[in-house]
Amino acid sequence: TPAQSGAPAFQRFLKTELLPQIEERYRADSARRILFGQSRGGGFVLYSAFTDPDLFWGRIASSPALPPTRDFFYGNPASATRTDLKLFVAEGPGDLPRLRVETVPWLATWKARKGKPWQLIPIAIRNGTHSANNPDAYRFAMRRLLGWSGDKAARK
């Protein structure tokens, strides 16, 4: 379960301790927070999107690991108050087969599902592998979030 993985405690730390400190000390825009994670960290990005959609404006999950909490990610996410939230999920044909067999059907299910609290934007990394293409996923998503065009390494 997500609770056993420590995800709720980590998200609580981000929300109540780390983010307030960052936003107090630096010129950070709380309305445009972005969260990036890869593999198990990508699973946390999805957990955050499901449990507190408004906490981050943009989320980037690179090769997210869904097991052992796979069923959680097919459930109903919490409601959002914002309508501009984005969730990028990157995967590639060279990813670990045990992860890809989870991510590809998840993306297909959620791409077709109505009522998502975020806009789901799949990123297919050409020849992408499990961890070698994090910069490609990050660059593609950040360009989309910030309104920049073009990226040769990734495609929708």
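Would you check if there is a residue in region 51-59 being in contact with a strand residue (DSSP E or B) (Cβ under 7 Å, 6 or more places away or on another chain), in contact (Cβ under 8 Å) with a residue 12 or more places away in the chain, surrounded by 12 or more Cβ atoms within 10 Å (Cβ to Cβ) and part of a strand (DSSP E or B)? Give the derivation first.
Restricting attention to region 51-59, the residues satisfying the condition of being in contact with a strand residue (DSSP E or B) (Cβ under 7 Å, 6 or more places away or on another chain) are 56-59.
Among the residues that remain, those that are also in contact (Cβ under 8 Å) with a residue 12 or more places away in the chain are: 56-59.
Okay, now just the ones that are also surrounded by 12 or more Cβ atoms within 10 Å (Cβ to Cβ), so 56-59.
In the following step, the residues that additionally are part of a strand (DSSP E or B) were identified as 58-59.
Yes, that holds for at least one residue.
Within region 99-115, the only residue that satisfies the criterion of being in a loop (DSSP other than H, G, I, E, B) and either buried (at least 16 other Cβ atoms within 10 Å of the Cβ) or not basic (Lys, Arg) (or both) is Gly115. If only residues of region 81-98 that are in a loop (DSSP other than H, G, I, E, B) and of a type in the set (Val, Ile, Thr) are counted, the one that is most open to solvent (accessible area, probe 1.4 Å) is Thr83. Quick check: anything in region 31-42 in a helix (DSSP H, G or I), free of Cβ contacts under 8 Å to residues at least 60 places away in the same chain, of a type outside the set (Lys, Arg) and open to solvent by less than 20 Å² (accessible area, probe 1.4 Å)? The answer is yes; a qualifying residue exists. Exactly one residue out of Arg25, Arg33 is over 11 Å from the mean Cα position of the chain (by Cα), more than 20 Å from Ala141 (Cα to Cα) and among the charged types (D, E, K, R): that is Arg25.
The values are calculated or read from the model by the stated rules, or taken from the named source; none is laboratory data. Being a predicted model, the structure only gives us computed values, none of them experimental. Note that each Cβ is placed from the backbone with ideal geometry, even for glycine, and that neighbours are counted across all protein chains shown. Protein only, heavy atoms only, side chains kept; ligands, DNA and RNA dropped before computing areas. Shrake-Rupley method; radii C 1.70, N 1.55, O 1.52, S 1.80 Å.
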